[in-house]
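*Asks:* Sharing a structure here in structure tokens format.
The values are calculated or read from the model by the stated rules, or taken from the named source; none is laboratory data. Please read all numbers here as calculations on a predicted model, not as lab measurements. Positions of Cβ are generated from backbone atoms using ideal geometry, with glycine treated the same way; all protein chains shown enter the neighbour counts. Only protein heavy atoms, including side chains, enter the accessible area calculation; ligands, DNA and RNA are left aside. Shrake-Rupley method; radii C 1.70, N 1.55, O 1.52, S 1.80 Å.
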Amino acid sequence: MAQEAKNTVAIDLSDDTIFDPSHWIKKGKKFPTIDTPLHISDAWSNTFLVPESIKQSIFPHATISVPNFIQLAQNYPRQPATLANTHPDTWFSREHPNSDIRLLLKRAIPDKEVIRKLVEVSGQAWFDGNQSICDPRFNNRQERFPLYAIGFWREIADLRIAATIWERAQRWTHERAMDSVAAETAAETVEDLMEELGWNISIRSKTTHAYSPDLAGLLGSGKSLEQRGWLSDSVIDLMVDTLREQLTRMALKGRLTSIQCLGFSHQMSRAVRERKETYTRKDFGLLYGISDCVHKRQLESLYFPLLTGKCHWIAVHVDFTKNLIQYGDSIGNKSTLPPEIRMVQKWTQLAFGS
């Protein structure tokens, strides 16, 4: 009997999802900076990440109150504004570390441009077999620190930035207390909250996630962005979620109202660009829900935040029963209609023919 021919396939049992240093380190390979494979990216990140035990013993815990954190932060190294004229390659060594990372707490950290360049070349330096960091500013590069010294400097830089943000917010609050009796009462409330609030705790709501320093952007005023702070997307959505909860508690009968997060305005902008008149749950989930409720007469009023001029927020109200669009702008020119409002008009025309 003739035997049936069978095709054979070689099975590769090697797992390319696990990083094997012997395949990559000191093999003359180029570090893939674009579309970095996950197993390489994870191994690289872990190499330059400050160990949790070091972080816990050196850096202030996220739950420390804002005033206490501001004071503690003064004890950490500062970052010079001047640029160090050194090539990033001179900061790496193929020899093993010989110095305690805590020694760096006694010295100014490299300026932010140097740190940026070190991060930029760190992948290739690691692939080339470098095992330590030498700070050429001190002791003729004789001290060698673990590669995670770069992460250590970044942690300190972020800590100092957070301290500056909180200190500015604290100072502004104290100054505003002198404006009026009402301002003094409000300032006292804010200062009490700062005493209870952890300086870097995680804040979650139903739709978003932020950290407490993001809230400091609410405390500030002035012409420059640095003076008045910046409301991040996360803070805006936290505010929206708070308003939603208040609306639910109020349970206003006869007022079918929706308050939408930033995702709604993003979808609306895209729908207008693409001239979409109808929506699917998959591609325009938020618009689909609003449109469906309006057509079923289950929604009368819609409120949502909208970014205008790239750095300013306005509040928009669409009254579907009156075919009316209103907006609130704390600093805008009443005689000039923001172009973003015309986008809202276009959306209502496309979606509802009004």
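*Asks:* Which value, in Å², gives the accessible area per residue of the chain when a 1.4 Å probe is used on the protein heavy atoms?
*Replies:* Value returned for the chain: 62 Å² of accessible area per residue.
*Asks:* Just from its helices, what would the mean residue ellipticity at 222 nm be for the chain, if runs of 4 or more DSSP H residues each count -39500 (n - 2.57) and the sum is divided by every residue, rounded to the nearest 500 deg cm²/dmol?
*Replies:* Calculated mean residue ellipticity at 222 nm is -13000 deg cm²/dmol.
*Asks:* Can you give me the Rg/Rh ratio for the chain, using Cα atoms for both radii and the Kirkwood formula for Rh?
*Replies:* Using only Cα positions, Rg/Rh for the chain is 1.09.
*Asks:* Amide H of PHE92 versus every other amide H placed in the peptide plane: which residues, excluding those fewer than 5 positions away on the same chain, fall under 5 Å?
*Replies:* CYS134
*Asks:* Continuing with this model, one more query. For the stretch 95-157, state what percent of all Cα-Cα pairs lands in each successive 5 Å bin, counting from 0 Å until the bin that includes the largest distance.
*Replies:* Distribution as computed: 4, 17, 31, 29, 17, 2, 0 percent.
*Asks:* Here's something else I'd like to know. Taking 0.36 nm per residue of separation and subtracting the Cα-Cα distance, what length does fully extending ASN75 through ILE25 add?
*Replies:* 14.2 nm
*Asks:* Viscosity 1.567 mPa s, temperature 4 °C: what is the translational diffusion coefficient of the stretch 161-220 from Stokes-Einstein with a Kirkwood Rh over Cα pairs, rounded to a whole number of µm²/s?
*Replies:* The estimated diffusion coefficient comes to 106 µm²/s.
*Asks:* So what are the stretch 242-354's ellipsoid semi-axes, whole angstrom, largest first, if each one is the square root of 5 times an eigenvalue of the alpha-carbon gyration tensor?
*Replies:* Working from the Cα gyration tensor, I get semi-axes of 21, 19, 14 Å.
*Asks:* Using all alpha carbons of the stretch 27-121, what is the percent of pairwise distances in each 10 Å bin, ordered from the shortest bin to the longest?
*Replies:* Once binned at 10 Å, the Cα pair distances of the stretch 27-121 give 11, 33, 36, 17, 2, 0.
*Asks:* I would also like to ask the following. I need the calculated FRET efficiency for the pair ILE201 and ARG168, taking r as the beta carbon distance and R₀ as 25 Å, to the nearest 0.05.
*Replies:* 0.85
*Asks:* What is the list of residues in the stretch 39-66 whose amide nitrogen lies under 19 Å from a point 7 angstrom out from the Cα of THR86, following Cα to Cβ?
*Replies:* Only 48 pass the distance filter.
*Asks:* Counting only protein heavy atoms and a 1.4 Å probe, tell me what percentage of the chain's accessible area is made up of carbon and sulfur.
*Replies:* C and S fraction of accessible area: 52 percent.
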